[in-house]
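Accompanying notes for the structure given below.
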Amino acid sequence: MRAELILLAFRFRVACMLSQTEIRKGKIITFEGEPYQVTSADYLRKQQRRPVMRTVLRHLKTGAMKEHSFQQSDKVQEADIGRKTYQFLFTDGSTYTFMDQTTFEQAELAADMVGDMAKFLLDGQEADVVLFEGTPVSVELPIKIERKVIDAPPGIKGDTSTNVMKEVTIEGDVIVKAPLFIKPGDSIRIDTRTGEYAERV
């Protein structure tokens, strides 16, 4: 029985190891024994050199930033984290306040912890708060979210092309690029990983 538990624990540990190409923006990892969130990750391939994953990491406890390039043979452990659904209440620009709708407990996250997700947060919206050792460290939204188009310049009549883009304003006063046929009142899906238009609903 003990041997089976050890084997299970070993398999779980292996499953949590990330290869170089799996280290992506938003991932939370244990690096040099400390918890970090990957805030940017660029895969660089140069002639006659092995590709590297150049990253910027944010320490989850101190907020300190550091750069590190992962080599092709490197593996890093994904941090043991939890997620809980909270409701976004408000922000003062530097702090974002969320509430657990079951316990009414509030969680506050600094703006740099919320990161790019901030522009897609609307009052009253649900979001997953990522917890490390019980402490809120970041926010996650679904990969695709729906937003209504508030303002959009007129497109060219009869043009249904999707490769020509224009700037439109969606809920939250966020500007994104969308196809010419998108008009005010339309609902569109945005890819929160890139902040780009995905499709019309």
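The values are calculated or read from the model by the stated rules, or taken from the named source; none is laboratory data. Note that the structure is a prediction, hence the values are computed from the model and not measured. Cβ sites come from the backbone with ideal geometry, for glycine too, and all protein chains shown count toward neighbours.
Here are the numbers for the structure shown:
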item	result
Pairs with Cβ under 8 Å, 6+ apart, first in region 164-175 and under 15 Å from residue 192 (Cβ atoms) and free of Cβ contacts under 8 Å to residues at least 60 places away in the same chain, second charged (D, E, K, R) and surrounded by 12 or more Cβ atoms within 10 Å (Cβ to Cβ)	170/147; 170/148; 171/147; 171/148; 172/119; 172/147; 174/119; 174/147
Condition broken by residue 142, with the remaining ones in (1) in contact with a strand residue (DSSP E or B) (Cβ under 8 Å, 6 or more places away or on another chain); (2) assigned to a loop (DSSP other than H, G, I, E, B) satisfied	(1)
Set 123, 92, 128: member being modelled with pLDDT of 90 or more, loosely packed, with under 12 Cβ neighbours inside 10 Å and within 22 Å of residue 196 (Cα to Cα)	123
Unique match (being modelled with pLDDT of 90 or more, under 17 Å from the mean Cα position of the chain (by Cα) and either surrounded by 14 or more Cβ atoms within 10 Å (Cβ to Cβ) or in a strand (DSSP E or B) (or both)) among 97, 85, 39	85
Those residues of region 55-65 which are outside any loop (DSSP other than H, G, I, E, B) and in contact with a Phe, Trp or Tyr (Cβ under 8 Å, 6 or more places away or on another chain), in sequence order	55, 57, 58, 59
Where residue 29 falls short, out of the listed (1) β-branched (Val, Ile, Thr); (2) over 30 Å from residue 124 (Cβ atoms); (3) free of Cβ contacts under 8 Å to residues at least 40 places away in the same chain; (4) crowded, with 17+ Cβ neighbours inside 10 Å	(3)
